[in-house]
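Peer 1: The structure's right below; bear with me while I get my questions together.
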Amino acid sequence: MKFLPRVAASPRGVVAVAAAVAATAGLLTQTGLPTQSVGAPAAVQATGLQQQLDALLADPRFEGSQVGLVVRDATTGETLYDRNGGTRLLPASNTKLFSSTAAMHTLGAGFRFHTDVLATAPVRGGKLRGDLYLKGYGDPTSLESDYVALAQQVAKSGVRQIDGDLIADDTYFDKVRLGDTWSWDDEPFYYSAQISALTLAPNTDYDSGTAIVDSLPGATVGAPVKLTLVPANSVIKLVNTATTGAAGSDNTLTIERDHGTNVVRVTGSVPADDTGGQEWVTVWEPTLYAADVFRRALAAQGIQVDGHVRTAATPTTAQQIARDESMTVGELMNPFLKLSNNMHAETLVKAMGAVAEADGSWSAGLGVVTDYAKSVGVDTSTIRLSDGSGLSRKVNVTAKSVTDILIGVRQEPWFQQWYDALPIAGNPDRFTGGTLRSRMRNTPAANNLHGKTGSLTGVTALSGYVSTKDGRKLVFSMISNNYLVSPRSVEDAVGVTLASWTDQAPVAAVKPDTSRSAQVAEDACGANEWVKAC
């Protein structure tokens, strides 16, 4: 990876046009309008909104590719536009609309993850005469400071020496670390970290299962680049062959972990006048990473561990010495959805399996997610969920199913907190605008449209809520697959069109931004919404 500077029961829809005409015509077009069949009355003329959306989807970037777009009234479920709404498509991170809502329902907005420190042996004279257990229950927000707080609690309990081992227990989840069909070449990068019930994040984006490599140029040209691990740990092994280049030279720094190991190779060159940067790397087996950071925290409190660090299950007879609790699931929705954090999605899926089915696996958790979607009106026989984040290329949903979720959850008691956690178009604040912070700025959609983005190579999606100029609340879902040039500017034009619409007077058509600067920005971030610079 190249070095990057640092910058996460519904109403059923009905066709908008006259049902009686549709019944006699017998057929519907892709826009939901009746077509003329032999002996049938003439088709109803398309509305102005439908015409404008049709024009946007006539963009040549869709030639040879697929696009689905459904627009509905958020209150009544009435369908205002339907282009391929029942076609299964790859949604990328729009999958998080399914996992996040199921988590709010199943776990509850007030649910907290926790991490425990336990022991079975007595403490005599400050010595724990046995093993110390660190047991994780899936907290994806655990920071180094949380492990320090746990170590402080252990010290307050009177422990000064552990004559056994430090045992890391991640058995609350299964041992499957990576999701179904996750790509091997994504594995070193922070958006594809391993999932463990005992893990660690290096920062308050809560990128669990990763560490940060800070870099600075050396003191002289030709000197090694200076590297620092955040947090400090003995699990990752840095192999540094990167050097300092002349001032003004290209930054060619590359930081990447070898497959199957925690060897991180740093190569390339950093110009002497560079101000420094950061790169995230995933950790092989985050359970041991968390345990290593905890052992360091114990040492800082003057607590000596005589034995080794190893993994095992905690005996049922163990007694709790310390506990750390996370933020609530409702509060987690903000970093999760604003920054489209894949690891949060997968942790929540496994947690739902553990809580609802006593099985912390993807299969159990995805069953819970599917059941919830069905309960709010989604025809789950027409979709397939293979993970919680959308990194899997086996996920298939329809634009119609996404709008079913968006409508169905509006009656939930936690809806407002979840709705506020969605990225908000055009708001430059990182934890308000999220992945939409640079999109639709200075348009009627800005600070209006709340939506979930999605992107993989050849995939872009945007679904959410927007109010028209008349104040009518709409839901929409647009999913595009298998294009060669990103149509993301068309997504934005659809959002602005919906936000600009009024039934009171004709509205000027919104055109996609085809400027050179817009395309450069789209190409830079279009393949992956999780790139930290975007």
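Peer 1: Over segment 60-188, what is the mean sequence separation of C-alpha contacts under 8 Å (at least six apart), divided by residue count, expressed as relative contact order in percent?
Peer 2: It comes to 18 percent, rounded to a whole number.
Peer 1: Trypsin sites (Lys or Arg not before Pro) within segment 385-448: which are DSSP loop residues with at most 14 other Cβ atoms inside 10 Å? Each step should come with its number before you reach the end.
Peer 2: Numbers: sites: Arg393, Lys394, Lys400, Arg410, Arg430, Arg437, Arg439, Arg441; in loops: Arg393, Lys394, Arg437, Arg439, Arg441.
Answer in residue order: Lys394.
Peer 1: Still on this structure, please answer the following. Using 0.36 nm per residue of separation minus the Cα-Cα distance, give me the extension gain between Thr75 and Asp420 in nm, one decimal.
Peer 2: Computed gain between Thr75 and Asp420 is 122.4 nm.
Peer 1: Okay, next question. Taking 0.36 nm per residue of separation and subtracting the Cα-Cα distance, what length does fully extending Ala58 through Gln152 add?
Peer 2: Extra length from Ala58 to Gln152 when fully extended: 27.6 nm.
Peer 1: Then there is this: Take every Cα-Cα pair in segment 210-282 and report what % of them are more than 19 Å apart.
Peer 2: Value for segment 210-282: 29 percent of Cα pairs lie more than 19 Å apart.
Peer 1: What is the distance, in nm, between label points placed 7 Å from the Cα along the Cα-to-Cβ direction at Lys473 and at Leu238?
Peer 2: With each label placed 7 Å out from Cα toward Cβ, I get 5.0 nm.
Peer 1: Sticking with this structure for a sec: How far apart, in nm, are the 7 Å Cα→Cβ label points at Thr220 and Lys394?
Peer 2: Calculated label separation equals 5.7 nm.
Peer 1: As I understand it, the dipole of segment 210-282 uses +1 on the Cβ of Lys and Arg and -1 on the Cβ of Asp and Glu, about the Cα centre. Which of Gly276, Pro231, Ala219 lies farthest toward its positive end?
Peer 2: The Cα lying farthest towards the positive end belongs to Pro231.
Peer 1: Spelling out what I want: for every residue of segment 460-477, take phi, set θ = phi - 60°, compute 6.51 cos²θ - 1.76 cosθ + 1.60 (Karplus), and round to whole Hz; glycine and proline get x.
Peer 2: 9, 8, 8, 9, x, 10, 8, 9, 6, 4, 7, x, 6, 7, 10, 10, 8, 8
Peer 1: Relative to a virtual label point 7 Å from the Cα of Asn251 in the Cα→beta-carbon direction, which members of segment 185-226 show backbone nitrogen distances below 14 Å?
Peer 2: Answer for this model: 213-218, 226.
Peer 1: Additional query: For segment 210-282, calculate the relative contact order in percent as a whole number, restricting contacts to Cα pairs under 8 Å that are 6 or more residues apart.
Peer 2: Working: 179 pairs, mean separation 28.5, N = 73.
It rounds to 39 percent for segment 210-282.
Peer 1: Where the centre of each part is set by its Cα atoms, how far does segment 286-356 sit from segment 389-442, in angstrom?
Peer 2: One Cα centre to the other: 27 Å.
Peer 1: What dipole magnitude, in Debye to the nearest 20, does the chain give about its Cα centre under +1 on Lys/Arg Cβ and -1 on Asp/Glu Cβ?
Peer 2: With only Lys, Arg, Asp and Glu charged at Cβ, the dipole is about 340 debye.
Peer 1: Additional query: To the nearest 20 debye, what charge dipole does segment 210-282 have about its Cα centre, counting +1 at the Cβ of each Lys and Arg and -1 at the Cβ of each Asp and Glu?
Peer 2: On the way: 4 positive and 7 negative charges, 53 e Å.
Rounded to the nearest 20 debye, it is 260 debye.
Peer 1: Kirkwood hydrodynamic radius (Cα pairs, Å) of segment 249-359? Walk me through the numbers before you get to the answer.
Peer 2: Numbers: mean 1/r = 0.0538 Å⁻¹.
With all distinct Cα pairs of segment 249-359 included, I get 18.6 Å.
Peer 1: A follow-up question, please. Quick one: check the C-alpha center-to-center distance for segment 231-263 versus segment 60-129, whole angstrom.
Peer 2: 33 Å
Peer 1: If I model a spin label as a point 7 Å beyond the Cα along the Cα-Cβ vector, how far apart are those points for Asp503 and Val263 in nm?
Peer 2: Placing both labels 7 Å beyond Cα along the Cβ direction yields 6.7 nm.
Peer 1: Under Stokes-Einstein, with the Kirkwood radius over Cα pairs standing in for Rh, what whole-number D in µm²/s applies to segment 102-197 at 10 °C and 1.306 mPa s?
Peer 2: This corresponds to a translational diffusion coefficient of 100 µm²/s.
Peer 1: Another question, if that's okay. Before rounding to the nearest 500, sum -39500 (n - 2.57) across all DSSP H runs of length at least 4 in the chain and divide by the residue total; then give [θ] at 222 nm in deg cm²/dmol.
Peer 2: -8000 deg cm²/dmol
Peer 1: State, to one decimal in nm², a quarter of the convex hull surface area for the C-alpha atoms of the chain, i.e. the direction-averaged projected area.
Peer 2: Averaging across all directions leaves 26.7 nm² for the Cα convex hull.
Peer 1: Report the extension gain between Gln51 and Gln66 in nm, rounded to one decimal, defined as 0.36 nm multiplied by the number of residues separating them, less their alpha carbon distance.
Peer 2: Values: separation 15, 0.36 × 15 = 5.40 nm, distance 1.90 nm.
Extending this stretch completely gives an extra 3.5 nm.
Each reported figure results from applying straightforward, stated rules to the coordinates on display, with no laboratory input. Note that this is a predicted model, so its numbers are computed, not measured. Note that we place each Cβ from the backbone using ideal geometry, even for glycine, and neighbour counts take in every protein chain shown.
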